[in-house]
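The values are calculated or read from the model by the stated rules, or taken from the named source; none is laboratory data. All of these numbers come straight from a predicted model, not from anything done at the bench. Methodologically, a virtual Cβ is constructed for each residue, glycine included, from the backbone with ideal geometry; neighbour enumeration extends over all protein chains shown.
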Amino acid sequence: MDKKYGVYICTGCGIGDALDIKSLSDIAADEGLSCQTHPFLCSQEGVALLKSDISEKGVNTLMIAACSRRVNYDVFRFDGCIVDRINIREGVVWSHGRSEFPALTEEEKADEDKFDRVQMMAEDYLRMGMARTEKVKLPEPYQLENFTKKILVIGGGVTGMSAALDAAKCGYEVTIVEKEAQLGGNVAEWRRQLPVAAPYETLIPTVVDGKIKAVEAAANITVKTETEVARIAGEPGNFTVTLKNVGEKTEFDVPFPLPPEMKVDEKGKELDVDALLVKYKAYNEGKKDILQFDPNGEKFGAVVLAAGWRPYEAKDGEFAHLGLGQTPDVVTNYQFEQIAAKGKIVRPSDGKEAKSVVFVQSPGSGDDADFAYTGAVTSMVALKQAKYVCDDYADGKAYVFYQHMRTPGLSENFYKSMQQTPGIFLTKGEVTGVSKNGSTLAVAASNTLLGENIQVNADMVVLATGMVPVTVDDPVVNLAYRQGPGFRDNAIFNGYADSNFICFPYETQRTGIYAAGAIRRSMTVEESVEDATGAALKAIQCIESVNRGVAVHPRSGDMTFPDFFFQRCTQCKRCTEECPFGALDDDEKGTPKPNPARCRRCGTCMGACPERIIGFADYNVDSIGSMVKSIKVPSADEYSDPPFRILGLVCENDALPALDIAALNKLSYSADVRLIPVRCLGSVNVIWIKDALSQGMDGVFLLGCKHGDDYQCHFVKGSELASIRMKKIGEALQSLALENERVAQFEVAIDEYDKLPKMINDFVEMVEGLGPNPFKGF
Amino acid sequence: MTEDKSAPFSGSIMVVGGGISGLTTALEAAEVGYEVFIVEKNPYLGGRVAQLNQYFPKLCPPTCGLEINFRRIKDNPNIKFFTLAEVEKVSGGPGNYSVTLKLNPRYVNENCTGCGACAEACQTELPSEFNFGLNKTKGAYLPHEMAFPSRYVISPQIIGTEDAKRCQEACQYNAVDLEMKAKTIELNVGSMVWATGWEPYDAAKIDNLGFGRYPNIITNMMLERLAAPNGPTKGQILRPSDDKAPESIAFVQCAGSRDENHLPYCSYICCMASLKHATYIRARYPEAKIYIFYIDMRTPGYRYEKFYQNIKEDKNVFFIKGKVAEVQESADNRQITVVAENAVTGEKIRQAVDLVVLATGMQPTAAKNKLPAGELKYTEDGFIINDMERGGMFGAGCANKPADVVSSNQNATGMALKAIQTLVRR
């Protein structure tokens, strides 16, 4: 588009009182740009002025110097126009009050050696806006060449069937793949299940039969049993999936990345690229490369991973003190359910009626932790199974020993109902030992509500072992992604395919693939069914977003996508390796293959690229670089005591709002800093920092989110990657004879707005202590 | 080759309640491509979680996720929201509801720039509802710094006073409109999701726990406000009677919950909330003694369990299995003695502390006043029972059951699909 620029300065909200608007306008006028001021730009009259310039004068690139872009977003939205919001209200005037940063007196104005820091700040921001708008384009959505709305559901248990039914009800075609010969999963093997609806008091028949019937009746659901996923290649809206018989070896089985120990030679030194490729090929012999799509593969738009759980398998002797493995009458809750499903509860050892059963909720050994992988589910399972004992035998007795009865929320109703069931005895207590006592078992427990040390004789003992997500054993999704076949961060979730975000529970870091049910947390049937609905929604939402060519969360609706200038690519693979979402695959040479529909538009690739060949229509190395270069760096030639210039690259998700809130509270910080919002610290390219320093700026700081296992970065790795890059830049600085300290990164949470001014001022002060950048003026 | 870009089927969705669940349902549906209306009774979106200092177990600020959600709203023309709005009447059935909304006056119009001149001019101070009355706010106020929309409100309590006129005169932008009246509008929608959330159980009703009688007994939600950097004390946790730093704090779990006289169910979040509060205390007072009186520690799942295990490492956090029976105040030092029976040993425990925090539970908003929709069904305690077969209307989040934020968001995401299914079936 041919840009026609218009600069608009609002003088309301104290801007006109604090700044010399004439001088500010001259900045634009000097560049030949039309510049208008308005006392109240967001008013109807103000907006009418903008609209008339758009329609009458053909202005299509507007620079609005007024408030933060976080407010009046709807007022200043003009379709088909580039709008740059130059934040001189929160960013300049409100955060740099004139009581603290006095304006020049008339006398001082006459003195050329005097300067007004706040005015300089506003003028720089205007220049930066002008520089940016020159370099950005209106985005056009990314369109897939092939597109399908079909949904693949992995796992035909209750969760998978629920997700399939929910998506099918909305008109989507669904295929369920199930590795067993029939649908139903674990639940199909149960006698009864926990209640799923108010009043949550009684056991019910499992929901499996109903689900299977509904799936069979649904015209748009295809079921493939005894089938598993060999690989999922491609991107949302256009995945190419190879399905195979369980255990079968095929050439489209997904290749695995080399394990770390194979990437080094005997001396522990990292192998070179060619050697790695040879090893990788040998390691994956017989398998097609990830970039080779199966011509017979099925096309899917999105995937729901509902592969569920398997029972925890005790290690040899692990629960010997509880008799497991010592006598057949000590079983796990999973084994007990199998017995119960067959008929009346009988002892495995001799087939005699088991009328007295002890349920052990915690392995003991001094702490009050439950068995691994249990959640709240096993407390409720124990209550359910205790009820079986009393259902089967009028004189049946079930003893449940727990450390904490975990029946949260409305499941408390079920607990109460079981408490009132004759024959069920519930007590806190630590089971210290299970031993043979003739034909029965003697269960010793301490610290119980019934006495300090008690002993109960039982026909059977049931241990409440947990539900292990199958992702502990296997990636299951088998993604033909260069970063590897599974989800990336399962290790920090104990092997679950969970989300790290409390606010966004369906984040998997693999766009278009959503986990549901017990694969991501131990869940009851009720919870799993509910979770399945949410995952189905996310799958549908991803498909519809891809169809519109826009990003999904957190930059929902963003039409930009990364564009690569491949001629200059040096195949360094950094973009492929660093993308938090595995959006890039590279070929044998290391040339990246973008998969824009997998991309979340954070710009981490752009920050990683040493050749600076990656960018977005409205956000690229040049647009930010030009902003940096447009900042005026006062030198000793101009002023006897020139002010310092410090660049701040600020995460727009948390740090930027925090700065706005600081401004709202009239908290001030140094007027010598110039802040540039970035999509994520991961998108920060070190060239911006080098440019800033080589043009004489005195320091650069990055403001972003907390990293580590409890990271708050919306793009998972952005702030962490930035911190690694900042460490590396230290070496480059030293080679320029600049102090490392001139570049720093700070972590800030969105609510720490009160700490920001000190954080910034301390840095500025420290840099002042180092003295001016020696490159200044060159 | 690309298919039709519109949403697969037509019709709008109304989400009642703009807290974290309502926002989630609304956004997830809107990002599929549907038109969504959010109806929020407060002057801001964000609901209950906006009052929290941090989420467990990550100890991250709720405003972080809210900010992203607000940006998603800003960027999505499919979502329209009404604040200070209530549903008055619903007629029709699944696929075709006619909803009457009452829009209460904010007395501040869209001219508001958020400059704050009205609040500066206003002299009246009113107890801050947002901060549970722990401090006062002006009669013209921004509900909180991160409030979205970022627009001032004039309390109806100062309408008709000189003070209101002062606010009006102080505004340079003609944003204060004292003549604003409540309006009624009608909207037609295909499905409705009630995400009307919860209220902290009224601790004053728990007679034996002394709330309201003794100043040094506060609730868990009050502690959230005290710990919040934008709270009444800017994040300091002090004893209300004398603003002294507490050296010992007792948490009384199941204050009202799991109690047939109050809330017969478990409120799901209070155990984790108190453990989180222990971290608030510890961050401020490295030596303070913390006593947690509980029935069962309900920390389900690997993440919550890990959080609990970490806190157990702290030698100055004491866990006592026993329900608190009574509290006594010492007249001279205003300390509170918490009396409980240790459930395991039977021993009677008397622990004097500087501050008592009642872990009060959650009560669904509909427990007090039924929602204006005849077809909704409730449990005895006021939680909405969903009828998935019938469709049309659904309860989401804590209107449906007591839950933490993660589960509420899962539930709310699913309800977006249920709402869409209703539209598709037409």
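Considering only region A:283-304, I want to know if a residue exists there that is in a strand (DSSP E or B), closer than 30 Å to residue A:363 by Cα and modelled with pLDDT of 90 or more.
No: zero hits.
Condition first: farther than 30 Å from residue A:188 by Cβ and crowded, with 24+ Cβ neighbours inside 10 Å. Can you find one or more residues in region A:378-386 that meet it?
No, there is no match, as no residue in region A:378-386 is farther than 30 Å from residue A:188 by Cβ and crowded, with 24+ Cβ neighbours inside 10 Å.
Modelled with pLDDT of 95 or more, under 21 Å from the mean Cα position of the chain (by Cα) and more than 14 Å from chain A (Cβ to nearest Cβ): which single residue out of B:273, B:352, B:288, B:255 fits that description?
Criteria check complete, one pass: B:255.
So if I check each of B:325, B:359, B:343, which one is within 14 Å of another protein chain (Cβ to nearest Cβ), farther than 30 Å from residue A:518 by Cα and in contact with a strand residue (DSSP E or B) (Cβ under 9 Å, 6 or more places away or on another chain)?
B:343
Can you tell me how many residues within region A:354-379 are within 10 Å of chain B (Cβ to nearest Cβ) and either touching a Gly at 6+ places or on another chain (Cβ under 9 Å) or not in a loop (DSSP other than H, G, I, E, B) (or both)?
Number of matching residues: 9.
Anything in region A:129-156 that is within 26 Å of the chain's Cα centre (by Cα) and of a type in the set (Gly, Ala, Ser)? List them, or say none.
Once the filter is applied, which keeps residues that are within 26 Å of the chain's Cα centre (by Cα) and of a type in the set (Gly, Ala, Ser), region A:129-156 yields only A:155.
Identify all residues within region A:415-472 that are assigned to a loop (DSSP other than H, G, I, E, B) and either free of Cβ contacts under 8 Å to residues at least 40 places away in the same chain or buried (at least 16 other Cβ atoms within 10 Å of the Cβ) (or both); write none if there are none.
A:420, A:421, A:422, A:423, A:429, A:438, A:449, A:450, A:459, A:464, A:465, A:466
Scan region A:142-152 and give yes if some residue there is among the hydroxyl-bearing types (Ser, Thr, Tyr), in contact (Cβ under 8 Å) with a residue 60 or more places away in the chain and touching an Asp or Glu at 6+ places or on another chain (Cβ under 9 Å), otherwise no.
There is at least one residue in region A:142-152 that is among the hydroxyl-bearing types (Ser, Thr, Tyr), in contact (Cβ under 8 Å) with a residue 60 or more places away in the chain and touching an Asp or Glu at 6+ places or on another chain (Cβ under 9 Å).
Looking only at region A:759-778, which residues are more than 33 Å from the chain's Cα centre (by Cα) and without any contact (Cβ under 8 Å) to a residue 12 or more places away in the chain?
Across region A:759-778, the qualifying residues are A:765, A:769, A:771.
Residue by residue, here is whether (1) of a type in the set (A, V, I, L, M, F, W, C); (2) closer than 28 Å to residue B:199 by Cβ holds:
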residue	(1), (2)
B:306	no, no
B:323	no, yes
B:335	no, no
B:338	yes, yes
B:343	yes, no
B:346	no, no
B:351	no, no
B:356	yes, yes
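Conditions tested, residue by residue: (1) touching a residue at least 40 places away in the same chain (Cβ under 8 Å); (2) within 30 Å of residue A:99 (Cβ to Cβ); (3) within 14 Å of chain B (Cβ to nearest Cβ); (4) under 22 Å from the mean Cα position of the chain (by Cα).
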| residue | (1), (2), (3), (4) |
| --- | --- |
| A:652 | no, yes, yes, yes |
| A:655 | yes, yes, yes, yes |
| A:668 | yes, yes, no, no |
| A:674 | yes, yes, no, no |
| A:685 | yes, no, no, yes |
| A:694 | yes, no, no, no |
| A:707 | yes, no, yes, yes |
| A:724 | no, no, no, yes |
| A:733 | yes, no, no, no |
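Looking only at residues that are part of a loop (DSSP other than H, G, I, E, B), among the hydrophobic types (A, V, I, L, M, F, W, C) and away from chain B (no Cβ under 14 Å) in region A:169-193, which one is farthest from residue A:158 (Cα to Cα)?
Across region A:169-193, the extreme among qualifying residues is A:181.
Tally up the residues in region A:15-27 that are surrounded by 17 or more Cβ atoms within 10 Å (Cβ to Cβ), within 14 Å of chain B (Cβ to nearest Cβ) and more than 24 Å from residue A:51 (Cα to Cα), please.
Looking only at that region, the number is 1.
Being surrounded by 16 or more Cβ atoms within 10 Å (Cβ to Cβ), free of Cβ contacts under 8 Å to residues at least 60 places away in the same chain and not assigned by TED's automatic domain parsing to the domain that holds residue B:45 narrows it down to one of B:163, B:207, so name that one.
Being surrounded by 16 or more Cβ atoms within 10 Å (Cβ to Cβ), free of Cβ contacts under 8 Å to residues at least 60 places away in the same chain and not assigned by TED's automatic domain parsing to the domain that holds residue B:45 holds for just one of B:163, B:207, which is B:163.
Return yes when residue A:66 is more than 14 Å from chain B (Cβ to nearest Cβ) and not aromatic (Phe, Trp, Tyr) and no when it is not.
Judged against the criteria, residue A:66 is not a match.
Residues that are assigned by TED's automatic domain parsing to the domain that holds residue A:686: which strands (runs of 3 or more DSSP E) entirely in region A:548-658 hold 1 or more of them?
Hits in region A:548-658: A:646-651.
Within region A:382-402, how many residues are within 14 Å of chain B (Cβ to nearest Cβ) and touching a Phe, Trp or Tyr at 6+ places or on another chain (Cβ under 6 Å)?
Qualifying residue count, region A:382-402: 2.
Scan region A:408-434 residue by residue and report those that are over 14 Å from residue A:202 (Cα atoms) and in contact with a Ser or Thr (Cβ under 9 Å, 6 or more places away or on another chain).
Scanning region A:408-434 gives A:408, A:409, A:427, A:428, A:429, A:430, A:431, A:432, A:434.
Counting residues that are more than 30 Å from residue A:594 (Cβ to Cβ), touching a Phe, Trp or Tyr at 6+ places or on another chain (Cβ under 9 Å) and not hydrophobic (A, V, I, L, M, F, W, C), which strands (runs of 3 or more DSSP E) fully inside region A:39-156 reach at least 1?
A:82-87
Counting just the residues of region B:406-417 that are crowded, with 24+ Cβ neighbours inside 10 Å and within 7 Å of chain A (Cβ to nearest Cβ), which one comes out farthest from residue B:50 (Cα to Cα)?
Out of the qualifying residues, it is B:417.
If you take the residues in region A:306-317 that are surrounded by 16 or more Cβ atoms within 10 Å (Cβ to Cβ) and part of a loop (DSSP other than H, G, I, E, B), which one is farthest from the chain's Cα centre (by Cα)?
A:314
In region A:516-533, how many residues are over 12 Å from residue A:162 (Cβ atoms) and either more than 10 Å from chain B (Cβ to nearest Cβ) or of a type in the set (Lys, Arg) (or both)?
Matching residues across region A:516-533 total 5.
Going by what's in this entry, would residue A:749 be described as of a type outside the set (Phe, Trp, Tyr), under 29 Å from residue B:62 (Cα atoms), in contact with a strand residue (DSSP E or B) (Cβ under 8 Å, 6 or more places away or on another chain) and not in a loop (DSSP other than H, G, I, E, B)?
Taking the combined requirement at face value, the residue does not satisfy it.
Taking region B:139-154 as the region of interest, how many residues are over 16 Å from the mean Cα position of the chain (by Cα) and assigned to a loop (DSSP other than H, G, I, E, B)?
Total satisfying the criteria: 7.
Inspect region A:87-102 for any residue being among the basic types (Lys, Arg), surrounded by 15 or more Cβ atoms within 10 Å (Cβ to Cβ) and in contact (Cβ under 8 Å) with a residue 24 or more places away in the chain and give the result as yes or no.
There is at least one residue in region A:87-102 that is among the basic types (Lys, Arg), surrounded by 15 or more Cβ atoms within 10 Å (Cβ to Cβ) and in contact (Cβ under 8 Å) with a residue 24 or more places away in the chain.
Restricting to region B:9-67, and then to whatever is assigned to a loop (DSSP other than H, G, I, E, B) and acidic (Asp, Glu), can you tell me which residue is nearest to the other protein chains (Cβ to nearest Cβ)?
B:31
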